[in-house]
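Heads up, the thing below is written out as structure tokens.
None of the figures in this text is laboratory data; all of them are computed from the coordinates on show. Source: prediction; values computed, not measured. Cβ coordinates were reconstructed from backbone atoms using ideal geometry, including for glycine residues, and neighbour counts include every protein chain displayed.
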Amino acid sequence: MARDNINDIQVFIEVAKERSFTRAAAKLGVTQSALSHIIRGLERRLGIRLLTRTTRSVSPTEAGERLLSAVGPRLEEIEAEIAAIAELKDNPSGKIRITAIDHVIDNILWPRLAPLLLRYPDLRIEINSDYRMVDIAAEAYDIGVRWGDQVQQDMVAVRLTPDVRMMIVAAPSYFDAHPTPAAPPDLLKHNCITLRLAGGGLYAWELRRENDDVQARVTGQATFNGAYQIVGAALSGSGLAFVPEDMVQAHIEAGRLISVMADWCPWFPGLHAYYPSRRHSSRALALVIEAIRYSAAPGRGATGGDARAG
């Protein structure tokens with residue numbers, strides 16, 4: 001009976017965390033009906049309801065919350081120790097889940113991780129593209145990647161890139177019909193290609209010259225929710241774009257794009273991988289972190305290592 005309860009409690013914890021039978025079933029690889037049957041059996045044996053179910057949501061009852069908070073961390077500790085023992089074998093294994101934005105995945109993460117997968121065939125890596133500020137603990141990610149100043153203080157942060165400069169660019173054909181902007185107020189007269197944030201608002205261009213910081217709330221005909229599409233629109237002559245230098249440097253050198261207002265284009269504090277300081281550091285996680293860690297000759301932003309540790 002006790003062994004059955006432990007297995008079923010693990011299922012209950014997943015449903016309670018996800019607040020959804022559908023998401024929990026997908027995560028566990030079983031059907032929703034099987035989950036419902038397991039939860040009903042657990043509630044029957046304990047003699048108390050653990051979940052409140054409606055047509056729209058699932059939430060723990062008071063008893064369910066107590067079970068989740070009391071037992072959940074202990075089961076996580078047990079799973080972490082089992083994972084640590086498994087890491088003692090010669091060939092590291094397991095799945096590492098990472099969240100980052102698309103051009104970071106293509107240009108930074110994947111080139112560094114592909115050789116690692118060839119070397120360790122039992123290692124699994126899942127990378128999801130997302131422009132949201134993801135709560136990696138709540139959404140079961142092992143690693144998040146964001147700008148250094150976006151990483152919370154209680155996270156361990158590892159630098160992936162030197163500091164990154166933003167640039168305002170447009171195609172030569174755009175400037176054939178529009179004047180060259182020189183200061184933030186000029187941007188309000190231009191067709192700017194905008195970024196739609198995950199929360200619904202438009203990203204305000206963060207401009208800086210010496211001690212003068214400006215949030216330029218630009219507008220234009222084209223709006224996207226990804227950087228690749230913004231660069232593509234700029235190349236087509238559709239307007240001004242505000243994007244990381246590494247995405248457009250080759251286009252600038254080839255004459256396909258022109259950079260303007262360079263004195264207003266700021267440096268951002270590099271991309272960092274981050275993960276909870278309390279997380280069990282498996283060999284698989286350590287290998288992935290070491291593979292993506294930034295290392296280069298000293299220079300601007302070339303300060304490798306941990307940015308902060310909580």
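Structure data summary
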read-out	value
Cα-centred dipole magnitude for the range 27-67, charges only on beta-carbon of K, R (+1) and D, E (-1), debye, nearest 20	100 debye
Aspartates and glutamates whose Cα lies under 20 Å from that of Lys189, excluding same-chain neighbours fewer than 8 positions away	Asp176, Glu206, Asp213, Asp263
Crossing angle, helix 2-18 versus the chain [Cα axis fit, 0-90 degrees, rounded to tens]	30 degrees
Nearest-20 debye value, the chain charge dipole, Cβ charges on Lys, Arg, Asp, Glu	900 debye
Length-normalised contact order of the chain in % [C-alpha pairs under 8 Å, at least 6 apart]	22 percent
Burial ranking of peptide ranges 130-141, 26-37 (average Cβ count within 10 Å, highest at the top)	130-141, 26-37
Loop-located GluC sites (Glu not before Pro) in the range 183-284 whose Cβ has at most 16 other Cβ within 10 Å (DSSP)	Glu210
Percentage relative contact order, the range 164-268, counting C-alpha pairs under 8 Å, at least six apart	46 percent
Length gained when the stretch Ala70-Thr22 is fully extended (0.36 nm per residue, less Cα-Cα span)	14.8 nm
The range 2-86, relative contact order [Cα under 8 Å, separation at least 6], %	27 percent
Label corresponding to mean projected area of the Cα convex hull in nm² when calculated from the structure given, among (i) 15.4; (ii) 20.5; (iii) 18.4	(ii)
Candidates Val288, Val104, Val71, ranked by Gaussian network fluctuation over the chain, Cα under 10 Å, top entry	Val71
Candidates Gly226, Gly41, Gly148, ranked by Gaussian network fluctuation over the chain, Cα under 10 Å, top entry	Gly41
Shape of the range 2-86, Cα gyration tensor, a/c cut at 1.5	prolate
Reachable aspartates and glutamates from Lys17, criterion Cα separation under 16 angstrom, eight or more residues apart if same chain	Asp8, Glu62, Glu65, Glu76, Asp135, Glu139
